[in-house]
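Peer 1: Take this structure, written in structure tokens, and hold onto it; I'll ask about it next.
The values are calculated or read from the model by the stated rules, or taken from the named source; none is laboratory data. Keep in mind it's a predicted model, so treat the numbers as computed, not measured. Cβ placement follows ideal geometry from the backbone for every residue including glycine, while neighbour counts extend to all protein chains displayed. Keep in mind that these areas ignore ligands, DNA and RNA; they rest on the heavy atoms of the full protein, side chains included. Shrake-Rupley method; radii C 1.70, N 1.55, O 1.52, S 1.80 Å.
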Amino acid sequence: MGTKSSSLASKAIAVYRKDIVSEFRTRYAVNAVALFAVTTLIAVSMSVGGFGVTDKNLLSALLWVILFFSAMSGLSRVFVREEESRTASALRLSADPIAIYIGKLAFNLTLLLALEIIVVPMFVVMMNAGVRNWTFFWLILLFGSVGLSAAATIVAAIVSKANAKGALFAVLSFPILAPLLVTAISASSAAMGGGAFADCWRYLRVLVSYAGVMITASVLLFEFIWED
Amino acid sequence: MMLQSLLGVWMCGVILAAFLWLPPAKGFQYPEAARIIVFHVPNAMAAVLAFLVSTVYAIKHLRGRNPADDAKSAASAQLGLLFALLAAVTGAVFAKIQWGSAWNWDPRQTTILILLLIYAAYFALRSSVEGSDRRAALSSAYAIIAFVTVPFLVFVVPRMTSSLHPSDTLTSRGGLGTQYRIVLFSAMAGFAGLYLWMFRLSVALAEIRNGKKGV
């Protein structure tokens with residue numbers, strides 16, 4: 001059992017490293033997601049920043065809308081690339097479905113967190129958003145991103161086998177992510193207002209359980225989606 | 001055939017009772033308009049039943065790989081979409097009369113809207129995958145993933161904002177008058193029967209279609 005789980009982990013890490021290396025060769029997903037996020041941020045900032053938006057709910061809603069659509073612009077690449085370059089079968093032969101899902105999830109999470117490190121400080125500066133409780137704010141972003149990338153990864157696996165992948169990805173992801181987005185928006189707005197610990201914990205609990213449920217369901221279902 | 005006629009008579013009885021026998025509900029702003037509840041609540045329940053059946057068949061399909069289970073799952077999802085749409089519309093009509101605006105992001109309205117989006121996405125997915133085996137596997141998986149997020153919608157989102165919907169009318173004593181209770185529960189039985197009848201029809205239709213294609 002010990003060797004099996006260690007080989008699962010090492011295979012997942014191998015899939016993750018493979019994706020990082022091939023991403024660094026083309027930088028397709030990084031460029032697409034980062035530029036998309038910055039463009040959206042500037043568009044939002046230009047159109048509403050002039051009015052001096054101070055409402056915390058509105059600011060955090062805008063932040064999560066930017067993050068959601070940026071994620072939708074690039075997180076499907078992990079599986080779409082395998083189908084387009086016809087490497088899916090080779091990957092299927094070389095690793096367990098679970099290892100593949102976990103490796104891809106780790107890659108998407110890395111991508112999303114890298115994006116947030118760029119975009120969130122920019123958002124705070126350009127939109128003049130004061131954040132009182134930074135620790136809690138980053139915790140929400142972290143656990144929100146885990147849930148978001150878990151759902152996005154499994155939907156990406158589904159979408160990579162369909163036609164009209166780009167449009168379908170956002171359409172399939174949004175209803176699944178709606179509970180996460182609603183919670184994350186309320187939570188970030190609480191963090192901006194400097195919420196108390198009990199208040200913050202209430203939201204974090206939801207985000208953590210969402211991520212847990214989504215990852216578990218994905219691990220159970222992935223082999224049905226992945227097999228061909 | 002016999003059951004079907006019985007269902008027709010039963011539903012006629014429910015409609016007559018709802019419009020003629022029920023007294024106007026005093027507690028509401030427009031007591032006459034409250035009769036819509038007799039159709040709104042059973043519609044929502046039929047939608048929930050249909051989505052449950054759809055998920056059960058999706059799980060069954062992934063376990064047994066029987067194309068018939070996938071056809072049943074899709075048929076039930078389609079009916080669920082229909083009932084959910086009717087529940088949303090009747091709800092919006094009553095919301096306009098009772099609360100003043102047709103749509104006010106009440107948690108239940110949010111939930112039903114997300115459910116409509118989920119199953120609309122489900123059919124968008126089905127129509128864009130080629131090959132019936134692959135379509136069946138992918139859409140079953142999506143239906144199950146979507147279903148596991150529903151508890152978050154039902155239990156988490158309502159706690160974030162307050163609801164205008166009453167929460168314990170059906171279960172508490174004195175929440176409903178006797179006449180309302182009788183008609184409402186008869187309507188629920190009627191709508192459940194209606195769902196079953198339509199489900200069997202569309203499953204039979206799907207079987208004929210698949211038989212023609214030789215799948």
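Peer 1: Springs between alpha-carbon atoms under 10 Å, Gaussian network over chain A: tell me which of A:Ala156, A:Ala191, A:Ala178 tops the mean-square fluctuations.
Peer 2: It is A:Ala178.
Peer 1: If you don't mind, there's one more thing I want to ask. What is the helix-to-structure angle for A:165-192, meaning the angle in degrees between its Cα long axis and the longest Cα principal axis of chain A, kept from 0 to 90 and rounded to the nearest 10?
Peer 2: Once rounded, the angle reads 40 degrees.
Peer 1: Mean Kyte-Doolittle hydropathy of 1.6 or higher plus an axial Cα length of 18 Å or more: which whole DSSP H helices in chain B meet both?
Peer 2: Passing helices, by number: B:2-16.
Peer 1: Let me ask another. Strictly over 24 Å apart at the Cα level, which of A:Lys161/B:Lys60; A:Lys104/A:Lys165; B:Lys26/B:Lys96; A:Lys18/A:Lys161; A:Lys56/B:Lys96; A:Lys165/B:Lys60 would you flag in this model?
Peer 2: Listed pairs above 24 Å: A:Lys56/B:Lys96; A:Lys165/B:Lys60.
Peer 1: Let me ask you something else. Once you've got the GNM for chain B with C-alpha springs shorter than 10 Å, pick whichever of B:Ser76, B:Ser202, B:Ser101 has the biggest mean-square fluctuation.
Peer 2: Greatest mean-square fluctuation among the candidates belongs to B:Ser101.
Peer 1: Measuring with a 1.4 Å probe in the full set of protein chains, what accessible area per residue, in whole Å², belongs to the protein assembly as shown?
Peer 2: 48
Peer 1: Calculated from DSSP H runs of 4 or more alone, at -39500 (n - 2.57) each and per residue, what is the 222 nm mean residue ellipticity of the protein assembly as shown, nearest 500?
Peer 2: -27500 deg cm²/dmol
Peer 1: If the only charges are +1 at each Lys and Arg Cβ and -1 at each Asp and Glu Cβ, what is the size of the charge dipole of chain A around the Cα centre, to the nearest 20 debye?
Peer 2: That gives a dipole near 260 debye.
Peer 1: With contacts defined as alpha carbon pairs under 8 Å and 6 or more residues apart, what's the relative contact order of chain B in percent?
Peer 2: Rounded, it is 29 percent for chain B.
Peer 1: Computed over the Cα atoms of the stretch B:1-125, what is the convex hull's projected area averaged over all directions, in nm²?
Peer 2: Orientation-averaged projected area of the Cα hull: 9.7 nm².
Peer 1: Rounded, prolate or oblate: which one fits chain B, using the alpha carbon gyration tensor with axes a ≥ b ≥ c (rounded when a/c is under 1.5, else prolate when a/b beats b/c, else oblate)?
Peer 2: Because a/c hits 1.5 or more and a/b fails to exceed b/c, chain B counts as oblate.
Peer 1: Let me ask something else. What figure in square angstrom, to the nearest 10, would you give for the accessible area of A:Trp138 with a 1.4 Å probe?
Peer 2: Only protein atoms counted, so the area is about 100 Å².
Peer 1: On to the next question. As an exercise, take the mean of 1/r over every pair of distinct alpha carbons in the stretch A:2-226, invert it, and state the Kirkwood radius in angstroms.
Peer 2: Hydrodynamic radius (Kirkwood, Cα only) of the stretch A:2-226 equals 18.1 Å.
Peer 1: Leaving ligands, DNA and RNA out of it, report the carbon-plus-sulfur percent of the accessible area of the stretch A:2-226 at a 1.4 Å probe.
Peer 2: 69
Peer 1: Would you work out if the protein assembly as shown is rounded, prolate or oblate? Take a ≥ b ≥ c from the square roots of the eigenvalues of the alpha-carbon gyration tensor; rounded if a/c is under 1.5, else prolate when a/b is larger than b/c, oblate otherwise.
Peer 2: oblate
Peer 1: Right, something else. If you roll a 1.4 Å probe over chain B with all protein chains in place, what percent of the accessible area is carbon or sulfur?
Peer 2: Heavy-atom surface of chain B belonging to carbon and sulfur, 1.4 Å probe: 68 percent.
Peer 1: Taking only Cα atoms and a 10 Å spring cutoff, compute GNM fluctuations for chain A and point out the largest among A:Met192, A:Met46, A:Met127.
Peer 2: A:Met46
Peer 1: Buried accessible area between A and B (1.4 Å probe, both chains summed, ligands and nucleic acids excluded), in Å² to the nearest 100?
Peer 2: 2500
Peer 1: Let me ask something additional. Which residues of the stretch A:124-171 show a drop of at least 30 Å² in accessible area when all protein chains are present, compared with their chain alone (probe radius 1.4 Å, heavy atoms only, ligands and nucleic acids excluded)?
Peer 2: A:Ile158, A:Lys161, A:Asn163, A:Leu168
Peer 1: Let me ask you something else. Name the residues of the stretch A:212-228 whose accessible area falls by at least 10 Å² when all protein chains are present instead of the chain alone, probe 1.4 Å?
Peer 2: For the stretch A:212-228, once contacts with the other chains are taken into account, A:Val213, A:Met214, A:Ala217, A:Leu221, A:Phe224, A:Ile225, A:Glu227, A:Asp228 lose 10 Å² or more.
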